Amino acid sequence: AASQAAAQLPVSPEPRLEFAFEEIVTLGQALAPGKTPYGSRNMIPITGGTFEGPGIKGTIVPGGWDWQLVRADGCVDIKADYMLRTDDGVIINVVNTGVLCMPRPGETPSPARTHPRFEAPDGKYAWLGRTAFIGTLESAQGPNGEAAVKIRFYKAV
């Protein structure tokens with residue numbers, strides 16, 4: 001039965017990326033509980049921020065976290081879990097994961113990429129939960145000079 005369903009899927013063109021929206025996420029002071037059997041853990045509070053793109057705009061709800069794990073190879077696994085509040089009052093959960101690796105001497109730095117998953121209620125923003133996304137991540141400053149990251153999300157079309 002599963003093979004019959006697969007045989008009925010249409011042939012898809014290669015995906016391309018289209019800009020969805022950009023976030024400026026403000027960050028609090030990191031908490032470092034220390035070394036665990038998995039590596040060194042860091043927890044960075046998400047204190048707020050803003051986001052905007054075509055057809056979507058709002059603020060980042062304070063209270064989320066970026067759970068980081070510094071691996072034995074020096075790379076950092078990231079998993080941020082936080083909420084967006086759109087300007088029309090809709091709450092959307094974001095879980096954004098990725099791996100950040102610093103370049104070794106002589107290597108060209110790799111751009112930071114993430115893969116977010118959005119959980120939006122039925123309605124205007126349901127497309128977020130039905131779409132594949134890639135994110136870019138870079139250091140930034142918040143509006144009051146606080147630590148922040150800029151994340152740009154691109155949807156696969």
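The values are calculated or read from the model by the stated rules, or taken from the named source; none is laboratory data. This is a predicted model, so every value here is computed, not measured. Virtual Cβ from ideal backbone geometry, glycine too; neighbours counted across all protein chains shown. Ligands, DNA and RNA are excluded from the accessible area calculation, which covers all protein heavy atoms including side chains. Shrake-Rupley method; radii C 1.70, N 1.55, O 1.52, S 1.80 Å.
Data for the structure
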{"item": "Every residue from the stretch 104-134 that is assigned to a helix (DSSP H, G or I), open to solvent by less than 90 Å² (accessible area, probe 1.4 Å) and either of a type outside the set (A, V, I, L, M) or under 30 Å from D73 (Cα atoms) (or both)", "result": "W127, G129"}
{"item": "Counted residues, the stretch 37-56 - those being open to solvent by 50 Å² or more (accessible area, probe 1.4 Å) and not basic (K, R)", "result": "7"}
{"item": "Some residue of the stretch 59-70 being open to solvent by 40 Å² or more (accessible area, probe 1.4 Å), within 22 Å of P121 (Cα to Cα), free of Cβ contacts under 8 Å to residues at least 40 places away in the same chain and out of contact with any Gly (no Cβ under 7 Å at 6 or more places or on another chain)", "result": "yes"}
{"item": "Pairs where the first residue, in the stretch 33-53, is within 27 Å of A20 (Cα to Cα) and the second is of a type in the set (S, T, N, Q), C-beta under 6 Å, 6+ apart", "result": "T47/T26; G48/T26; G49/T26; T50/T59"}
